[in-house]
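Structure, as structure tokens:
The values are calculated or read from the model by the stated rules, or taken from the named source; none is laboratory data. All figures in this text were calculated on a predicted structure; none of them were measured in a lab. Every residue, glycine among them, receives a Cβ derived from its backbone with ideal geometry; neighbour counts consider all protein chains shown.
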């Protein structure tokens, strides 16, 4: 029997295999993530699917149930389904919003389910067993640091924000805190909803409104794509540079090529969902201690190191 | 109730051409004045063309929506339909590139595919609504959800991007100008002009009015109600496809966020323009003005730092309601 055939059997009749294999253990991990509403969550969906496939192949008896939700209340419902219908042993959850999901996740944890929380922390400490997250304040701070450096501490910039959420607030607060004592002036700040079309339109209006813009903090790469087109259309590429964030492949490619308009990027990897799923599986299949917090870095991506952050096959 | 298929509003004497009927136009002028006060850069020709160009997508869709709503229907699926058609168009263009080569034939082929998908999507909405005797609200709520998830599936949850070479060929459709006016504005104007003639000067247009006024009376007047209603949805599907053709070259991408809320913006543009939500009366010029008003509000808010960006939505909501209140007289039918 080839390895592939064994695998096929494992997927088709896990019960039979569990009875036979000594090391195998039946574990169901539920993964609850937001639906692909913008580029970054699209990346989360991609990496979650990839990780689910890889982990199921790697561990006998492991079943991963992946569910997406379009809103916080929908996600709360899907948590109930995971618990009751799928009888999960572990939950990996990237909460839509922190506050409304704190109680639903607690109820799952109270049933003895192992809980891993990703990206957005719950409103109360001590519910989760593992916490995996990017560092939002760090992302804002690193972006500001680069901007101060590149502008020599003085200049006029515009800021395009994401969707009004805790994540967006944390990034912007850290950014503003960092530039507070410099001569960098924020001319205007508007929401562009982590969306290309909104990024394009808001930037068009900023370009009409201000005769001079030295730099743009787009905060997110989807927004940055829209901003780039608006700046090109106005033929003002030589006047400013754009700092996006998250590590979208199109932008990383530009950084790699040494584009003057987008000289750097700040990482906020959607693949963090894969990290969370990996360590959760490790908890069940190895003796390696995994409990605790994993805070991933938000490094500055420059032309020199861009290549190691470039994933041409990812949709993001 | 008159047996004639001409709705009452059309037979009113000229005296009722009151200020109320010009409501949307007055709202537009008021907004232009407000914009100029807020920031003189508002009147800059570059800003005006920006606003009109970005109005084109919603505007073209809203012209089609005017027919559907006037005939007493509704279509909630247009936003996700636009996203789906964008996705199909991008995939087809990328796939056909090697066979056809990088030239205008390729773009034309992509446009034909977009039109075909739009026509088919409209036909599906129309046939299920009329033949299945299901409320349009429910049918299009269903198709809205279907198209949105299809585009997410096509894009693998991410973003579909047009090949860089094709973008070079296609880009002028959005960014170039003819006689100083960007091409999307020309397309918008042409669609609106054809729409106005079709709605006000043809038998089809009169039938649309009649069906919206009273479907039963229209049926007794020997109007093929099902066929005419289905045609309004097909027309709207084609409009969505045309909007997509000028949308795709702008950023060269489609994702699950493409066209989000476009259905509500298109419906709002139609209603602000004075078309009755319950059907029986519609006007294309109003719809055009309504669409411009909507995108102008967003533009003005971006041009001022005076209003907290947290309140943008509230200001938009107030202006929309006031614009419709100004023509309250039309609703008393």
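Search region B:119-149 for residues being more than 30 Å from residue A:40 (Cβ to Cβ) and buried (at least 22 other Cβ atoms within 10 Å of the Cβ), and hand back the single one that is farthest from the other protein chains (Cβ to nearest Cβ).
If we filter region B:119-149 for residues that are more than 30 Å from residue A:40 (Cβ to Cβ), which is where we start, we get B:119-120, B:122-139.
With buried (at least 22 other Cβ atoms within 10 Å of the Cβ) added as a condition, the list becomes B:122, B:125-126, B:129, B:136, B:139.
Working: B:122: 23, B:125: 22, B:126: 27, B:129: 25, B:136: 23, B:139: 21 Å.
Restricting to residues being more than 30 Å from residue A:40 (Cβ to Cβ) and buried (at least 22 other Cβ atoms within 10 Å of the Cβ), the top hit is B:126.
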A careful count of residues in region A:208-229 that are facing chain B (nearest Cβ under 9 Å) and either surrounded by 24 or more Cβ atoms within 10 Å (Cβ to Cβ) or in contact (Cβ under 8 Å) with a residue 40 or more places away in the chain (or both) gives 4
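Being crowded, with 19+ Cβ neighbours inside 10 Å, more than 16 Å from the chain's Cα centre (by Cα) and within 20 Å of residue A:207 (Cβ to Cβ) is the requirement here; does residue A:243 meet it?
Details: crowded, with 19+ Cβ neighbours inside 10 Å: yes; more than 16 Å from the chain's Cα centre (by Cα): yes; within 20 Å of residue A:207 (Cβ to Cβ): yes.
So residue A:243 passes the test.
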When restricted to A:179, A:167, the only residue out of contact with any strand residue (DSSP E or B) (no Cβ under 7 Å at 6 or more places or on another chain) and closer than 18 Å to residue A:34 by Cβ is A:167
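So which residues in region B:159-172 are in a helix (DSSP H, G or I) and under 17 Å from residue B:96 (Cβ atoms), if there are any at all?
Applying the first criterion (in a helix (DSSP H, G or I)) to region B:159-172 yields B:164-170, B:172.
Correct list: B:164, B:165, B:166, B:167, B:168, B:169, B:170.
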Counted residues in region B:205-219 being surrounded by 15 or more Cβ atoms within 10 Å (Cβ to Cβ) and more than 13 Å from residue B:282 (Cα to Cα) come to 4
When region B:161-173 is checked residue by residue, the ones that are touching a strand residue (DSSP E or B) at 6+ places or on another chain (Cβ under 8 Å) and either crowded, with 23+ Cβ neighbours inside 10 Å or more than 12 Å from chain A (Cβ to nearest Cβ) (or both) are B:162
Note on region A:176-214: residues assigned to a strand (DSSP E or B) and farther than 13 Å from residue B:301 by Cα are A:183, A:184, A:185, A:186, A:187
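Kindly indicate the residue of region B:285-311 that is part of a helix (DSSP H, G or I) and over 21 Å from residue B:48 (Cα atoms) and also nearest to the other protein chains (Cβ to nearest Cβ) among those meeting that condition.
Initial filter on region B:285-311 (part of a helix (DSSP H, G or I)): B:285-303, B:309-311.
From what is left, the residues that are over 21 Å from residue B:48 (Cα atoms) are B:309-311.
Details: B:309: 5, B:310: 7, B:311: 11 Å.
Restricting to residues being part of a helix (DSSP H, G or I) and over 21 Å from residue B:48 (Cα atoms), the top hit is B:309.
In the list B:88, B:51, which residue meets the criterion of being within 14 Å of chain A (Cβ to nearest Cβ), in a helix (DSSP H, G or I) and farther than 30 Å from residue B:218 by Cα?
Values: B:88 fails: within 14 Å of chain A (Cβ to nearest Cβ).
The conditions single out B:51.
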Flagged in region A:79-98 as crowded, with 21+ Cβ neighbours inside 10 Å and either at positive phi or part of a helix (DSSP H, G or I) (or both), in numbering order, are A:79, A:82
Any residue that is more than 30 Å from residue A:41 (Cβ to Cβ), crowded, with 24+ Cβ neighbours inside 10 Å, modelled with pLDDT of 95 or more and within 17 Å of the chain's Cα centre (by Cα) - is there at least one of those in region B:243-265? no
Do we find that residue B:60 is surrounded by 19 or more Cβ atoms within 10 Å (Cβ to Cβ) and modelled with pLDDT of 95 or more in this structure? yes
### Query
Does residue A:156 meet the test of being in a strand (DSSP E or B) and modelled with pLDDT of 90 or more?
yes
Checking A:203, A:248 in turn, the sole residue that is within 12 Å of chain B (Cβ to nearest Cβ), closer than 15 Å to residue A:301 by Cα, crowded, with 20+ Cβ neighbours inside 10 Å and touching a residue at least 40 places away in the same chain (Cβ under 8 Å) turns out to be A:248
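Determine which member of the set B:290, B:279 is farther than 21 Å from residue A:164 by Cβ, under 16 Å from the mean Cα position of the chain (by Cα) and crowded, with 22+ Cβ neighbours inside 10 Å.
On the way: B:279 fails: under 16 Å from the mean Cα position of the chain (by Cα).
Result of the check over B:290, B:279: B:290.
Only one residue in B:202, B:244, B:152, B:228 is touching a residue at least 60 places away in the same chain (Cβ under 8 Å), closer than 30 Å to residue B:132 by Cβ and more than 14 Å from chain A (Cβ to nearest Cβ). Which one? Talk me through it step by step, then tell me what you get.
On the way: B:202 fails: touching a residue at least 60 places away in the same chain (Cβ under 8 Å); B:244 fails: more than 14 Å from chain A (Cβ to nearest Cβ); B:152 fails: more than 14 Å from chain A (Cβ to nearest Cβ).
The conditions single out B:228.
Please specify each residue of region B:247-282 satisfying the condition of being within 14 Å of chain A (Cβ to nearest Cβ), in a helix (DSSP H, G or I) and touching a residue at least 40 places away in the same chain (Cβ under 8 Å).
Taking region B:247-282 as the starting set, the residues that turn out to be within 14 Å of chain A (Cβ to nearest Cβ) are B:247-262, B:265.
Those left that are additionally in a helix (DSSP H, G or I): B:247-251, B:262, B:265.
Selection gives B:247, B:248, B:249, B:250, B:262, B:265.
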The lone condition residue B:194 fails out of (1) outside any loop (DSSP other than H, G, I, E, B); (2) within 14 Å of chain A (Cβ to nearest Cβ) is (2)
Residue A:241 vs (1) within 14 Å of chain B (Cβ to nearest Cβ); (2) under 18 Å from residue A:199 (Cβ atoms); (3) at pLDDT 90 or above: all pass except (1)
